[in-house]
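Notes follow once the structure below has been shown.
What follows is calculated from the coordinates using simple rules that are stated; it is not laboratory data. All of these numbers come straight from a predicted model, not from anything done at the bench. Cβ sites come from the backbone with ideal geometry, for glycine too, and all protein chains shown count toward neighbours.
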Amino acid sequence: MTIHRRHLLLAGPLALGLGLFLPRRSAGFILPETDATSFSVFRKNDSPMGYHRMRFIRDGDRLIMEKEIMLEVTLAFVTAYRYRHRNREIWEAGRLVEIETLTDDDGDDYWLRAKAGPDGLMVEGSGGSYTAPADIIPTSYWNNATTGATQLLDTQRGLIMDVRMEDKGTEMLEAQSGPMQTRHHTINILTNPPGNTNQIDLWYDDTGQWVGLAFEAKGQKITYVMDSVPVPPQPAPQSAATP
């Protein structure tokens, strides 16, 4: 598969101004070379739609991931669709111990808040209140353990999705610096699909870093393109801490 528009640029040493450098491997995770990674989002291959930005912070034994997604479709100078999502995750010893998200999906509001408890991850939010498995992995995709999951926690709706992962093998993707070898995985969503799609394609590079994503929604292909110079998310407003 070839992704157009000089896609999938690696975050590298040009991003010196983004703060503290983190090692590629941290607490069992594959992290970017800098403390941030970001993607530009396109629909129909080349129409800009917005961005997906993440920041990684070390706090003792904890790893904190902060995420911001901003998407918008404008037709004839009129906003036809708008999506806003914020997510903050805390990981310890390879497990998610806390997550908080807020989402505005074109006027439909969702929220999720969860903390690790004695019996698993205690979840409450738009999807209800329940106890998720202690080792559940959220749909953030930066953690390549996603590729071995049988269940995922939907970070927007707060629901658990049963999934079947499909390893498509190695694949060369075109990048500005030349072809890049990746491993292609497909998430087949078996239960609680988001509604617009039941399949998501992911690509990780030869170190295990997340470098690409694609899916179809409402008949349109959505493609994530890694930025050559990563852009960290904007600080979340104080009001974003509560639903």
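Projecting the Cα atoms of 97, 131, 74 onto the dipole axis of segment 33-161, where Lys and Arg carry +1 and Asp and Glu carry -1 at the beta carbon, places 74 farthest toward the positive end.
Relative to the current alpha-carbon distance between residue 165 and residue 218, full extension at 0.36 nm per residue lengthens the span by 16.8 nm.
What number comes out for the charge environment of residue 117, summing +1 per Lys or Arg and -1 per Asp or Glu over other residues with Cβ under 15 Å away?
Numbers: positive: 95, 113, 115; negative: 92, 98, 119, 124, 135.
After counting each charged neighbour, the total is -2.
Only one residue of 223, 235, 169 has its Cα farthest out toward the positive end of the dipole of segment 115-238, where Lys and Arg carry +1 and Asp and Glu -1 on Cβ, and that residue is 235.
Calculated FRET efficiency, residue 46 to residue 82, Cβ-Cβ distance, R0 = 35 Å: about 0.95 to the nearest 0.05. A straight Cα-to-Cα reach below 14 Å connects residue 115 with the aspartates and glutamates 89, 92, 98, 100, 124, 135, residues fewer than 8 places away in its own chain not being considered. Note on residue 191 and residue 122: the model spin-label points, each 7 Å out from Cα along the C-beta direction, lie 2.3 nm apart.
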